[in-house]
Amino acid sequence: MAAEIQKQEHVDTRPPVMGPGHNFDSLTQKIIDIVLMRGFKKGWIFGFAIVFLGALMLFNTIAYLVLKGVGIWGNNIPVGWAFDIINFVWWIGIGHAGTLISAILLLLRQSWRNSINRFAEAMTLFAVACAGLFPALHTGRPWVDYWLFPYPNTMGMWPNFRSPLMWDVFAVSTYATVSLLFWFMGLIPDFATLRDKAKNKVQRTIYGMLAMGWRGDARHWHRYESAYLLLAGLSTPLVLSVHTIVSFDFAVGIMPGWHATIFPPYFVAGAIYAGFAMVLTLAIPVRKFYNIEDFITMRHIRNMCKVMLATGLIVGYGYVMELFMAWYSGNTYEMFMMKNRIFGPYGFMYWLLILCNVAVPQLLWVKKFRDNLLVVFIVSMFINVGMWLERFVIIVMSLNRDFSPASWRMYYPTIFDFTMFFGTIGFFLTCMFLFIRFVPMIPIFEMKTLLPESKVDEKKVEELVSGKGPLGATPLPQFGD
Amino acid sequence: MDNNYAAPADLGRIQGVALGVGLLGLIAWVIGVVVSGNARNVFFQTYLVAYVFWIGIALGCLGWLMVQYLGGAGWGVVIRRILESGSHTLILMAVLFVPIVVGLGNIYEWTHKDSITDERVRELLEHKSAWLNPAFFSGRAVIYFAIWLGLMLILRRRSHKLDETGDPNLIQSAQDWSGPGFLIYGLTCTFAAVDWVMSLDAEWFSTIFGLLMIAGQGVLSMAFIISITVILSRREPMSHVYQPKHFHDLGKLLPALVMVWAYFSFSQLLIIWSGNLPEEIPWFIERFKGVWRYLGLAIILLHFALPFLLLLSRDLKRNARRLVLVAWLVIIMRFVDLIWIIVPEFEHGHQKHLSEYLIYIAATIGMGGIWLGWFFWQLRSKSLLPYRDPQMAEALAAGGHH
C-alpha cells in the first residue's frame, strides 16, 4: 500500500531552477565567457564610469573628512548619531541576504540557492566594507581605530566590554572574515576552471594563483565539501548575531524609541528584508544584461519575493508592537516619542516609511505581481529606501527630541553627509561591476549539480553492487584507489 | 487507492488512561483547592496556569498546521492529522475560557484598580483601563477564538474533503489561506499573550512578549507532536510509515525552536537588565529571588542548554525512543517556564509554601485529561494520514535524505 502510493508521480508545477537545454559544456562556456572575453562590453564601460565617479566622490569626502574632522557632517548634540550610523546599519543589513542564502539555505538543502549565492555573498562583502567605513571614520581619529581592539598596551587602557559598541567591533569583524573565507573558498574550484580555460598567459597566471593548486582530485572535493559545510554552520549564527548586536547598540540604552525588547528579532528580519531587496535590485538588471535568465530564473525571483514578503511582515509586526506598547506602557516619554514620530517635525519621514516598508510590499501577495519583473524591481527599490528611512526614524527622531525640551534641536544633514552616503553606493557598485567582470558570478560547479547528468542513478548503482545487472557483480571503485 | 490508515484500536486504551489520570488530577486539584484555605483565588490562579499550558499546545498545532502548508515539506504531511486534532481542541478551550472570565477579579490586579493605594499605579491603571477592562477583555477573547476556530475549521474542511475527492486544488486553497492566516494568527496570539499573561503585572510591558509566547507554544507543541508520533510509530499502521528521516526532520525543528525561544528570552532579559528602568526591572527582580532564582537557572540549563546539546546529535534525532525523552524534558520545562512567568504575580513577594505549588501540577494534569481525551477522540475519528495528498509519495519514499 505504501509502495502503491510511492508509484504515484508527484507533478511539480514550479518553474525550473535552470532553463532547459543545458549540459555541462554549455553551462561552463556561458558563465566563463563573461569573465574570459576580450575587452569590455560597451554597456559595462559606460556603467562602470558612472559608478566609479561615485567611488571617487567617496574618496574625496573621506580625504576632506580626515583633514577637517567629523564637524563637516551635520550631526551635533543632541543628534550625535545620524547619517553615519544610519548608513552603517543600512549597509550591514543589506549584507545579510548573502549569509542567509549561502549558509542557511545550504543547510536547508534549498538547491535553488546555487545560482545566486555567489552574487549575494559578493554583495555581502562589499556592503560590509561600506558599513565598516562609517563607524571607523566617526571615531574622529581613524588612525587610532586599533584602540577598539582589546590588546595589552602601555597605556593600560581597555575597551569597555559592557558596551554593545564594543561587541559590534567583534561581531562585524567576525562577520567580514567568515564571509570572505566562505566566498573565496566557494570560488576555488571555479578559479581552477578559469585557469584551465584561460586564453592567455596573464589570465592563466592570475587565476592559477587564485586556484591554489586545485586539481579536482576526489580528496580535494571531499575536504572541500566538509570545510564548506563547516563554514556554513559557522556562518549561520552570524546571520542572527550581527544584526542582533547592532540592535543592542540602541536597545541596551534607555532612549525612548530605542529601548524596546523586540529590537533584536525585528532588526534581523529587517536586515534580511533589505538584503533580499538589494539582491533583486541588482539581479534583475544583471540577468537581463548578461542574458543569464536560464540561471537566475523566475523561480529565484518568486522565492526571493516570498522571503521578502515574510520578513517585511515581521518588520510591520514590529511597527505595530512599538505603537501599541508605547501607548500601553502609559510612560510619558514613550508616548511622546511615538507622537513625535508620527506628527513631529520629521513626521513625513514616518509616513514615507510606512508607505515604503509596509504598504507597497503588500503587492507581493499577488502572484501576478511576483511574476512581473518591473513590479518586483520597483517594490525592491521602495524597500531599499524604506529600510534607510526606518533607521532615520529610529535614530534621529529619538535623539532630536529626548527627555528635556530645553535640549531639543533639529538635525539637518550637510552636503558631505550626502556625498559620503551616495559615495558608498558608488563604491559598492564599482566593486560589483569589477566582480561581475572578473569573477564567475554564478558558481559553475554548483550549477552542474542541478543538471540531470549529475544525478546518481540509484538503480544502476544497486545493480552494480548486488550483481543483478547485465554486467554481473562488479566491485565499485573504492575511495583511495 | 484504499485508506488503510485507520487509527489503531488500542489508541482508545491510551485515551482511557489519559482520562483516568486526568480524573485523579482533578480530584487532587479539588482537594488542594479546598485545603488551601483560599479556595477562590487558588482555584482560578491554578486554572490560569493549566489553561495557558494546554492552549499553548492547541495554538501551537494550529500554527504548525499553517506552517507546514506554507513550507510544503514532507514532514508536514505525516503529522498533519495530529496537528488537525490538536487544533480542534480549540473548541474545548473556547468553552474552558468561561471560568477565566468568571474569575477575572481573582486573577488580574487591574480589575480592582480603585482599591489600589499607590497613586502612581492607580493613575497608570486608569490610563490602561481603556484596554484592560472586563468587557473589552472578554470581547477580545471572543474575537481571538472566532479567528482561531475559523482558521481551524477552514483548513480542516479542506483536508477532509481531500480524503473524499483527492482534488489537489484543495491543497492550494489551504495554502492560500495559510499565508494571511498565519499573519492574523501571529497578531491574535500576541494580543492574547498580552491580555492573559502580561497583564497579570499591569505595570510591566515588553514588546517581545508576544513573540516569546508564540515561540514557547511552538516548542511545546513540537515536543507534543514528537511524543504522539512516537506512540503511533510503535503501532500498526504507522509503524510502516514513520521512518528515521521523519524523526530527523522533527528533531531538527525542535532545537531550532528551542534556540529561537532562548534567543527571545535572552534578548528580553539583557535589554531590560541593562536599561534597569523602574517600570521594567521589578518583573525580573521578583524572579531573581527565592525559589524563582533556582527555577530560572533550571530553565536555562534544562529548557535550553541540555536539549540543545543533546539534539546536536544526528543519531539521537533519528532514534525515536531517545528523541521522545528529550521531547518530554522540553514539555516539562515549558510547564516550569510558565510557572516561572505566571506564579510570581500571585505572590507579591510573599513566597508560598512549596506544597502549594503541587496544586498547579494537579490542575494541569486535571485539565490535561480532558484535553487529551478530546485530542484522541479527534485523532481516532479520521484516517491517520491525508493519504490522497499529492506529496504523500515523496513523504513516504524510503531511504534517507541527508
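The values are calculated or read from the model by the stated rules, or taken from the named source; none is laboratory data. Treat the numbers as computed from the prediction; the structure is a model and nothing was measured. Cβ placement follows ideal geometry from the backbone for every residue including glycine, while neighbour counts extend to all protein chains displayed. For accessibility, only protein heavy atoms count, side chains too; no ligands or nucleic acids. Shrake-Rupley method; radii C 1.70, N 1.55, O 1.52, S 1.80 Å.
Partners of residue B:289 within straight-line reach, counting lysines whose Cα lies under 19 Å from its Cα and excluding those fewer than 8 residues away in the same chain: B:352.
With θ taken as phi - 60° and the Karplus curve 6.51 cos²θ - 1.76 cosθ + 1.60 applied, the whole-hertz 3J(HN,Hα) list for the range A:295-300 is 9, 9, 8, 4, 4, 5 Hz, x standing for glycine and proline. When the square roots of the Cα gyration tensor eigenvalues are ordered a ≥ b ≥ c, the ratio a/c for the protein assembly as shown is 1.5 or more and a/b does not exceed b/c, which makes its shape oblate. Taking 31 Å as the cut-off for C-alpha to C-alpha distance, list the pairs among A:42/A:201; A:448/B:245; A:199/A:306; A:288/A:455; A:455/B:245; A:367/B:382 that go past it. Violating the 31 Å Cα-Cα cut-off are A:199/A:306; A:367/B:382. What a 1.4 Å probe finds exposed on the protein assembly as shown is 67% carbon and sulfur by accessible area, rounded to a whole percent.
Contact residues in the range B:243-278 by the 50 Å² criterion (accessible area, 1.4 Å probe, full protein complex versus chain alone): B:263, B:270, B:271.
Ordered from largest to smallest accessible area (heavy atoms of protein chains, 1.4 Å probe), the residues B:287, B:380, A:302 come out as B:380, A:302, B:287.
Interface between chains B and A: roughly 3800 Å² of accessible area buried, both sides summed (probe 1.4 Å, protein heavy atoms only). Computed with a 1.4 Å probe over protein heavy atoms only, the accessible surface of the protein assembly as shown comes to 43 Å² per residue.
A simple rule links phi to the HN-Hα coupling: the Karplus curve 6.51 cos²θ - 1.76 cosθ + 1.60 with θ = phi - 60°, which for the range B:216-222 gives x, 6, x, 5, 4, 5, 5 Hz, with x for Gly and Pro.
The residues of the range A:237-260 occluded by other protein chains by 40 Å² or more of accessible area, set against the chain on its own, are A:248, A:252, A:254, A:259; surface from heavy atoms, 1.4 Å probe. With an a/c value of 1.5 or above and a/b larger than b/c for the gyration tensor axes a ≥ b ≥ c computed over the alpha-carbon atoms, the range B:103-185 is described as prolate. Annotation: aspartates and glutamates with alpha-carbon distance below 20 angstrom to residue A:197 (same-chain offsets under eight excluded): A:25, A:33, A:217, A:446.
Axis of helix A:164-197 versus longest Cα principal axis of chain A: the two differ by about 30°, to the nearest ten degrees. Checking every one of the chymotrypsin sites (Phe, Trp or Tyr not before Pro) in the range B:260-362 against DSSP loop status and a limit of 13 other Cβ atoms within 10 Å picks out B:288. What angle, in degrees between 0 and 90 and rounded to the nearest 10, separates the Cα long axis of helix A:415-438 from the longest principal axis of the Cα atoms of chain A? That works out to roughly 10 degrees. Just tell me which aspartates and glutamates come within less than 17 Å, Cα to Cα, of residue B:128; anything on the same chain fewer than 8 places away is out. Partners found: A:322, A:334, B:109, B:114, B:118, B:119, B:195, B:201, B:203, B:279, B:280.
Relative to the longest principal axis of the Cα atoms of chain B, the long axis of helix B:119-128 lies at roughly 40 degrees. Think of the range A:164-230 as having a plus end and a minus end, set by charges on the Cβ of Lys, Arg, Asp and Glu; of A:169, A:186, A:207, A:207 sits farthest toward the positive end of this dipole.
From its DSSP helices (H runs of at least four residues, each -39,500 (n - 2.57)), chain A gives a residue-normalised ellipticity at 222 nm of -22000 deg cm²/dmol. Counting, for every residue in A:421-433, the Cβ atoms of other protein chains within 10 Å of its Cβ and taking the mean gives 0.
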